[in-house]
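Contents: one structure, followed by commentary.
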Amino acid sequence: MIDEKALISRTIQGDLQAFTLLIKQHERLVAHMIGRLIKNNEEREELCQDVFLKVYDRLGEFNFQSKLSTWIATIAYRHAINHLRKRRIPLDHIPDEERFFSSFIQDENPESLLEDKDMDDFILKQIDLLPTSYKTVLTLYHLEGMSYEEIGAVTAMPEGTVKSYLFRARMLLKEKVKKYIAKEEWL
């Protein structure tokens, strides 16, 4: 594994293999950032490509005051938000079809898998109904493992706001899940 500074240096010098490695190391992060905000698959792919072009163009500006992943996530987040604003799409309710919760299922029982899939679908639908900021904070924290400070850097939110949004998003989801489970038990 090549160290981050060497990877950046080689990429700035025009080493396309280094840039390809940089893309491979961060493509999941960019896909999550874009995917949480953009519904259309073609737009997602195009925006992900645009993000890496921006990363390539601006890599010389990276000053190592944050992790490279935080810097790239910031570019991806802002690019997606700007795209939505240009298209005049409201930022508080953006659908998403990503199935990230299914990766947590380990049960082999088909009946349990079906129940888990139903719960995953329900949770994803509820996440889709959350305001964009809540959705973004949840994604960065739970899927990308970013700290509050890193999320703040990506979203330009104070750390206290990040914590508050994460707490509120979890509480909203928790209440919805409780109601869903109660409804299922009733049937």
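The values are calculated or read from the model by the stated rules, or taken from the named source; none is laboratory data. This structure is a prediction, so every number in the text was calculated from the model and none was measured. Note: ideal-geometry Cβ built from the backbone for every residue, glycine included; neighbour counts use all protein chains shown.
So which of Ser112, Ser103 is closer than 18 Å to Leu143 by Cβ, at pLDDT below 90 and part of a helix (DSSP H, G or I)?
Only one candidate qualifies: Ser103.
Identify all residues within the stretch 39-49 that are within 24 Å of Leu7 (Cα to Cα) and surrounded by 18 or more Cβ atoms within 10 Å (Cβ to Cβ); write none if there are none.
Leu47, Cys48
When you look at Ile127, is it modelled with pLDDT of 75 or more and under 16 Å from the mean Cα position of the chain (by Cα), yes or no?
Here the answer is yes, as Ile127 does meet what is asked.
Yes/no matrix, rows are residues, columns are (1) under 16 Å from the mean Cα position of the chain (by Cα); (2) more than 17 Å from Gly152 (Cα to Cα); (3) surrounded by fewer than 18 Cβ atoms within 10 Å (Cβ to Cβ):
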site	(1), (2), (3)
Leu21	no, yes, yes
Ala31	yes, yes, yes
Gly35	yes, yes, no
Val51	yes, yes, no
Thr70	yes, no, no
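Residues being surrounded by 16 or more Cβ atoms within 10 Å (Cβ to Cβ) and over 15 Å from Ile127 (Cβ atoms): count how many of those fall in the stretch 158-184.
3
Quick check, is Lys67 more than 15 Å from Thr132 (Cα to Cα) and at pLDDT below 90?
Spelling it out, Lys67 is indeed more than 15 Å from Thr132 (Cα to Cα) and at pLDDT below 90.
Would you please name the residue that is nearest to Thr136 (Cα to Cα), looking only at residues in the stretch 36-90 that are in contact (Cβ under 8 Å) with a residue 60 or more places away in the chain and β-branched (Val, Ile, Thr)?
The residue in question is Thr74.
So which of Ile8, Ile2 ends up being over 15 Å from Ala80 (Cα atoms) and either modelled with pLDDT under 90 or among the small types (Gly, Ala, Ser) (or both)?
Ile2
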